1. Can you report the number of residues in the range 245-291 which are within 26 Å of residue 456 (Cα to Cα) and part of a loop (DSSP other than H, G, I, E, B)?
2. Is there a residue being under 22 Å from residue 183 (Cα atoms), under 20 Å from the mean Cα position of the chain (by Cα) and either outside the structural domain of residue 555 (by TED's automatic domain parsing) or in contact (Cβ under 8 Å) with a residue 60 or more places away in the chain (or both) anywhere in the range 490-511?
3. Would you confirm, using the coordinates I've provided, whether residue 572 is in a strand (DSSP E or B), surrounded by fewer than 18 Cβ atoms within 10 Å (Cβ to Cβ) and of a type outside the set (S, T, N, Q)?
4. With respect to the numbered conditions (1) in contact with a strand residue (DSSP E or B) (Cβ under 7 Å, 6 or more places away or on another chain); (2) buried (at least 17 other Cβ atoms within 10 Å of the Cβ), which one is the sole condition not fulfilled by residue 349?
5. Need pairs with beta-carbon distance below 9 Å; first residue free of Cβ contacts under 8 Å to residues at least 12 places away in the same chain and within the range 354-369, second surrounded by 15 or more Cβ atoms within 10 Å (Cβ to Cβ) and not in a loop (DSSP other than H, G, I, E, B); sequence gap 6+ or separate chains.
6. From the list 643, 634, 609, exactly one residue is surrounded by fewer than 18 Cβ atoms within 10 Å (Cβ to Cβ) and under 39 Å from the mean Cα position of the chain (by Cα). Which is it?
7. With the range 78-131 as the region, which strands (runs of 3 or more DSSP E) entirely inside it contain at least 3 residues that are free of Cβ contacts under 8 Å to residues at least 40 places away in the same chain?
Amino acid sequence: MSDANQPSTDKLDMQSPDLVSQNFEKLVELFPNCVTESATGKAIDFDLLKQELSHAVVEGNKERYRLEWPGKREAIVTANLPTTKTLRPVREDSVDFDNTENIYIEGDNLEVLKLLQESYLGKIKMIYIDPPYNTGRDFVYKDNFHQSDLINQVQSGFRDELNKRLIVNPDTSGRFHSDWLSMIFPRLKIARNLLRDDGVIFISIDDNEVDNLKKICNEIFGEENFIGCAGRITKKSNNKGDFWAPNFDYLLTYTKNIALAEEFFGGANISAYNLSDDDGPRKGEKYQLVRLYMSTIQNRNPEQRFWIECPDGSKVIPPGKTFPPERPELGDGIWRWTRKKFEEEKDKIVIKQVRSSNLVTEDGSPAKWNVFTKTYLNDVIDNSSAKPNSFIEDHINQKGSHEINELGIKFDYSKPSSLIKFLMEICKVKKDDVVMDFFGGSSTTADSLLQLNASDIGKRKFIMVQIPEPSEENSEVAKAGFKTISDLGKERIRRAAKKIKEETGADIDYGFRVYRLDESNMQDVYYRPQDFDQGKMDLFGDNVKPERTEDDLLSQVMLDWGLPLSLKIEQVNVSGKKVFKVAENSLFACFDKGIDDAFAKEIAKEKPLRIVFKDAGFKDDTAKTNVKQLLKQLSPETEMKVL
């Protein structure tokens with residue numbers, strides 16, 4: 001007899017048994033390898049099921065070696081579709097906007113990558129990304145390949161048509177893997193175009209998708225360009241997990257062209273390179289002093305045993321029984337360099353007084369001088385044959401959390417900057433190379449690059465891209481006033497730059513230009529020709545949206561012309577009109593009104609390679625024609641365009 005006070009756990013189904021679902025579950029239990037994902041969710045691969053129930057080969061769809069998932073074709077189309085969006089400068093969020101060469105972009109990275117394709121085609125040395133792991137929880141990116149434009153505007157990446165946040169991809173979903181693969185595929189496809197031929201991409205990933213991601217990367221980059229999958233210890237101890245306690249993730253690594261890729265550098269004790277040249281061709285380069293004589297080197301080569309003159313006129317030589325011009329005996333000290341190399345590379349020789357020298361003078365007494373060579377860090381990196389281990393132990397996540405907390409920002413999911421510096425060093429990112437991270441997060445990559453630049457006075461540039469993902473309600477990030485993760489990322493760069501400058505005093509680029517993804521600057525035309533009347537004609541006198549600024553237009557022009565957003569921008573006055581000069585004479589832009597012959601004559605004196613005006617900026621139609629003709633005559637190399 002049941003207790004009347006206890007609620008019943010048996011509820012009436014109020015419907016007939018769902019035999020299809022029951023049979024599906026039975027098949028899943030018997031043949032788990034026959035479960036697949038379809039456009040509508042989980043399904044049974046009946047061709048494979050037939051084969052499982054037969055002792056002979058069952059004819060069916062032709063087999064091929066490739067990764068397939070529902071939505072793959074749409075993902076390919078999405079990567080290839082052009083975008084009408086643009087990037088708008090945000091000067092108030094930027095630091096040293098006109099002079100900096102670093103870029104921070106807020107917006108969906110798929111659209112941003114498309115916009116950057118022409119300007120940065122084949123220009124990125126290293127890409128590092130830490131995409132959202134497919135854990136069944138956080139999953140901000142929601143690409144929709146079938147929806148109308150109106151619905152796509154609603155599904156901006158954060159909310160659905162019912163205003164619910166799109167941040168969950170539960171592992172019970174029938175398209176759990178497919179949704180993630182459709183998200184990552186087009187982004188990697190476009191990212192490959194941005195890599196230099198010797199460029200490298202590092203992708204952090206965990207167990208959930210590492211197998212699928214490797215297959216996707218093999219398809220996009222080519223299996224021959226796979227250069228390794230490293231393991232990285234993420235934490236020293238972990239009590240989570242039902243079986244193994246997970247404490248590492250993976251770094252999938254691909255190059256654009258294996259034939260042109262540089263071999264990885266196995267590392268050096270960088271702190272030992274604590275000196276730098278104050279002037280000369282290697283000004284600012286780090287080096288350490290290494291003794292020219294080492295007792296472990298032994299042979300009888302007379303070209304390696306010779307006198308070296310010191311600043312006071314005395315001469316020194318390694319200890320031994322014989323002295324030049326006699327041929328040395330085995331056991332006599334010799335220099336590391338021959339006489340010829342010593343003469344050729346005297347600029348690398350340093351002779352200084354020391355407390356204790358292992359050299360001797362002409363009378364055989366201990367010398368007060370010693371001879372050193374400058375060993376430059378860059379030379380060590382270029383000539384190294386040692387390779388880094390594929391199991392990385394020194395860059396755990398806890399370091400990243402402590403690091404960002406020291407900047408006064410509470411955030412628990414930051415990768416350590418030491419990891420990104422390590423990756424830049426092993427793939428030999430040079431002093432003026434460009435590094436990109438299009439899942440920017442808390443801007444660890446930007447912080448790392450600034451640190452590396454400060455260490456060798458480098459001019460490396462970063463491009464960070466981060467979708468303005470809303471901070472979780474009641475989180476420490478939200479309480480600190482950061483409405484979005486991109487807000488946090490920008491502030492982290494500002495604080496990190498200030499800290500690095502205070503600690504090192506290095507004369508490097510600490511700024512960054514902020515851009516925000518937005519709709520086109522040009523007017524949307526909603527009227528059919530038969531809908532026009534005279535009263536509406538004035539609406540289309542200027543084809544630029546009224547709220548758009550000159551900075552907005554300049555950015556779009558730079559993107560359309562394939563110019564990097566990092567180029568130096570100046571503002572000058574020509575005949576009373578504001579003119580933007582990009583990279584000296586690479587591009588001139590004037591968006592003022594009243595452009596006429598007099599202005600054209602003045603601007604032609606500068607011989608710009610390119611010049612752009614607003615269509616509504618000319619004094620009249622005659623002026624537009626005359627300006628074009630004058631530029632052809634006075635500056636024939638100038639290419640003119642009109643917005």
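1. Number of matching residues: 19.
2. So far as the range 490-511 goes, no, none of its residues is under 22 Å from residue 183 (Cα atoms), under 20 Å from the mean Cα position of the chain (by Cα) and either outside the structural domain of residue 555 (by TED's automatic domain parsing) or in contact (Cβ under 8 Å) with a residue 60 or more places away in the chain (or both).
3. yes
4. (2)
5. Every condition considered, the pairs that remain are 356/370; 366/360.
6. That would be 609, the only listed residue that is surrounded by fewer than 18 Cβ atoms within 10 Å (Cβ to Cβ) and under 39 Å from the mean Cα position of the chain (by Cα).
7. Per the criteria, no element qualifies.
Yes/no per residue for (1) of a type in the set (S, T, N, Q); (2) in a loop (DSSP other than H, G, I, E, B); (3) modelled with pLDDT under 95:
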site	(1), (2), (3)
513	no, no, no
517	no, no, no
525	no, yes, yes
547	no, yes, yes
559	no, no, yes
579	no, no, no
585	yes, yes, yes
625	yes, no, yes
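The values are calculated or read from the model by the stated rules, or taken from the named source; none is laboratory data. Given the structure is predicted, the values throughout are model-derived calculations rather than measurements. All Cβ positions, even for glycine, are placed from backbone atoms using ideal geometry, and neighbour counts span all protein chains on display.
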